[in-house]
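*Asks:* Handing you this structure, nothing more for now.
The values are calculated or read from the model by the stated rules, or taken from the named source; none is laboratory data. Values in this document were obtained by computation on a predicted structure and should not be read as measured data. As a convention, Cβ positions derive from the backbone with ideal geometry for all residues, glycine included, and neighbour counts pool all protein chains shown. Protein only, heavy atoms only, side chains kept; ligands, DNA and RNA dropped before computing areas. Shrake-Rupley method; radii C 1.70, N 1.55, O 1.52, S 1.80 Å.
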Amino acid sequence: QVQLVESGGGLVQPGGSLRLSCVASGSIRSIYAMRWYRQVPGKQRELVAVTTETGTINYADSVKGRFNISRDNAKNTVYLQMNSLKPEDTAVYYCNADVVSGRSWYPGDYWGQGTQVTVSS
């Protein structure tokens, strides 16, 4: 089994920065794409950023130029550096990854429990 655990959320003033981390653990053989999503109550979960195993990176238009996704494959970890934060960035942020684990030949879809980010003065 695979677990994803996020950390780094909290309360920050507009214009501030936060760095989220997500560590994958378990019987991992390989990790393909790693993603950050966010969700506000009453709205659909939104894809914020994605990084693939080949190095391809994409961002939602709403965060381009402000957020930076990176990964450390040796540590099975993905990061989301969030700068110039705005009140509309307030949400629960979820880590998601495609992980081949155990005896499986195919990647499974795994999610973290989420971490709250609140941008407010």
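*Asks:* For the stretch 24-77, how many residues are closer than 17 Å to Ala91 by Cβ and touching a Cys at 6+ places or on another chain (Cβ under 9 Å)?
*Replies:* Matching residues across the stretch 24-77 total 3.
*Asks:* If the requirement is being touching a Lys or Arg at 6+ places or on another chain (Cβ under 9 Å) and not in a strand (DSSP E or B), which of these qualifies: Ser121, Ser84?
*Replies:* Ser84
*Asks:* Suppose we filter the stretch 63-103 for residues that are without any contact (Cβ under 8 Å) to a residue 40 or more places away in the chain and polar (S, T, N, Q); how many remain?
*Replies:* Counting residues in the stretch 63-103 that are without any contact (Cβ under 8 Å) to a residue 40 or more places away in the chain and polar (S, T, N, Q) gives 2.
*Asks:* Output the residues belonging to the stretch 27-53 that are among the small types (Gly, Ala, Ser), in contact (Cβ under 8 Å) with a residue 60 or more places away in the chain and open to solvent by 50 Å² or more (accessible area, probe 1.4 Å).
*Replies:* The one that is among the small types (Gly, Ala, Ser), in contact (Cβ under 8 Å) with a residue 60 or more places away in the chain and open to solvent by 50 Å² or more (accessible area, probe 1.4 Å): Ser27.
*Asks:* A further question follows. Can you pull out the residues in the stretch 54-75 that are open to solvent by 90 Å² or more (accessible area, probe 1.4 Å) and either part of a loop (DSSP other than H, G, I, E, B) or of a type in the set (A, V, I, L, M, F, W, C) (or both)?
*Replies:* Within the stretch 54-75, Thr54, Asp61, Lys64, Ala74 meet the criteria.
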